[in-house]
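See structure below.
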Amino acid sequence: MSKLGDLGARLHRGEISYDFVGKRKIWYGVSILITITAILGLAVRGLNMGIEFKGGAVFTTPTHMSTSVAKAEEYAQDAAGHEAVVQKLGNGSLRIQIAGIDTDKSDQIKQTLAKDLNLDPEKLAADLVGPSWGEQIANKAWEGLAIFMVLVVIYLAIAFEWRMAVAAFVALIHDITITTGIYALVGFEVTPGTVIGLLTILGYSLYDTVVVFDSLKEQTKDITKQTRFTYSDIANQSINGTLVRSINTTVVALLPVAGLLFIGGGFLGAGTLNDISLSLFVGLAAGAYSSIFIATPLVADLKEAEPQMKALKKRVLAKRAQAATEEELAGTRPTAVDEPDDDAAAAAVVGPRNQPASRGRGRGRPSGKRR
């Protein structure tokens, strides 16, 4: 068995564990710090919304263009008077996006661009996106996200309980905030592909959380009938029991996404992959983190606010304190050498049992009755 497999088996059996729930204040602090940074990024830099949301025009040149990306950006900005985004596609053509322009100006911009690029205007393909259509896309994205969240809360409340639904909802909001904040800080363009990636990672994060919740639900049946473990103890066992599985699934999912982001979007220059690959990469990592460090410890906090769980925790801690006291007293008792056994001491004084006190008693006297 591999070392990781052996570690997973020992974690699952409870032979070793890490106190995730006991150190939850540390994880809460780290999450709050990351979330504040993400919110500041959104407030200061804002999201770089794609043309599909803001409206504008997309021009595509023929293949094997000799003009550089930087030069094409300069031409596009001069022609439109707006910031332009130029990407070089795999076939050698250029994709020029100009957001925030009126559709009636697109013909004039197209003519100017074609002249600067030494092209026939008919060979410069143009796709127009109206601002109203972009607004509809944005509203549909928000509606889809809201419907997803409502369905998640309803499902978890029915399948588990409302506390787990609340914890999962907080974890999903945590993942969304971090992912969108990273987009704001990095400056990547937000496209419909980004929304698709965001919904994908929310589903993955939910799956990882449900795996831990299912183990926790199974182990907490009749929890109040015992006095060995608190709810937090069992929650920590659930995290440790599924930890290696969560790590394995996260790493396996991150590897191809990292290939898309760093190799496809970075080295190969396929910028169209950045919008979806960044949301997947950040979201998968944040989802794995939140399911372990946020969702389950938060469930433990909510559950141990119940009167039954408070009473259970009080009984468990009292029993542990009693056991510790007894162990301490046992360690301070004198050993058999220091304190002889009572029977042995008596035997040393009076001699062995069933033995006459003196063998010479009555010597010289005849046996029997005195005459």
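The values are calculated or read from the model by the stated rules, or taken from the named source; none is laboratory data. Being a predicted model, the structure only gives us computed values, none of them experimental. Neighbour counts are summed over all protein chains in view; Cβ atoms, including those assigned to glycine, are modelled from backbone coordinates with ideal geometry. Side chains included, ligands, DNA and RNA excluded: accessible areas come from the protein's heavy atoms. Shrake-Rupley method; radii C 1.70, N 1.55, O 1.52, S 1.80 Å.
For the reader, a short list of remarks on this structure follows.
- Residue match in the range 200-209 (condition: outside any helix (DSSP H, G or I) and free of Cβ contacts under 8 Å to residues at least 12 places away in the same chain): no
- For the range 279-334, the tally of residues that are of a type in the set (V, I, T) and surrounded by fewer than 17 Cβ atoms within 10 Å (Cβ to Cβ) stands at 2.
- Pick from the range 172-196, criterion over 16 Å from G41 (Cβ atoms) and in contact with a Phe, Trp or Tyr (Cβ under 9 Å, 6 or more places away or on another chain), ranking: modelled with the highest pLDDT: L172
- Flag for L33 being under 16 Å from the mean Cα position of the chain (by Cα) and open to solvent by 60 Å² or more (accessible area, probe 1.4 Å): yes
- T112 passes every criterion in (1) at pLDDT 85 or above; (2) buried (at least 17 other Cβ atoms within 10 Å of the Cβ); (3) in contact with a helix residue (DSSP H, G or I) (Cβ under 6 Å, 6 or more places away or on another chain) apart from (2).
- The residue pairs whose first member lies in the range 163-179 and is among the hydroxyl-bearing types (S, T, Y), whose second member is surrounded by fewer than 19 Cβ atoms within 10 Å (Cβ to Cβ) and in a helix (DSSP H, G or I), and whose beta carbons are closer than 8 Å, counting only pairs six or more residues apart or on different chains, are T177/T35; T177/I39.
- Pair list, Cβ < 8 Å and 6+ apart or interchain, from the range 232-255 residues that are within 15 Å of I201 (Cβ to Cβ) to residues that are open to solvent by 20 Å² or more (accessible area, probe 1.4 Å) and of a type in the set (F, W, Y): A253/Y204; L254/F281
- Lone unmet requirement of (1) under 21 Å from F53 (Cα atoms); (2) surrounded by fewer than 13 Cβ atoms within 10 Å (Cβ to Cβ); (3) touching a residue at least 40 places away in the same chain (Cβ under 8 Å) for D104: (3)
- Near pairs, Cβ below 7 angstrom, 6+ apart or cross-chain, from the range 56-85 (under 18 Å from L128 (Cα atoms)) to any residue that is aliphatic (A, V, I, L, M) and open to solvent by 60 Å² or more (accessible area, probe 1.4 Å): A57/L128
- Checked against (1) assigned to a helix (DSSP H, G or I); (2) over 30 Å from I292 (Cα atoms); (3) of a type in the set (G, A, S), A57 meets all criteria but (1).
- For the range 124-162, a residue qualifies if it is in contact with a Ser or Thr (Cβ under 8 Å, 6 or more places away or on another chain) and open to solvent by 40 Å² or more (accessible area, probe 1.4 Å), and the qualifying residues are A125, A126, D127, L128.
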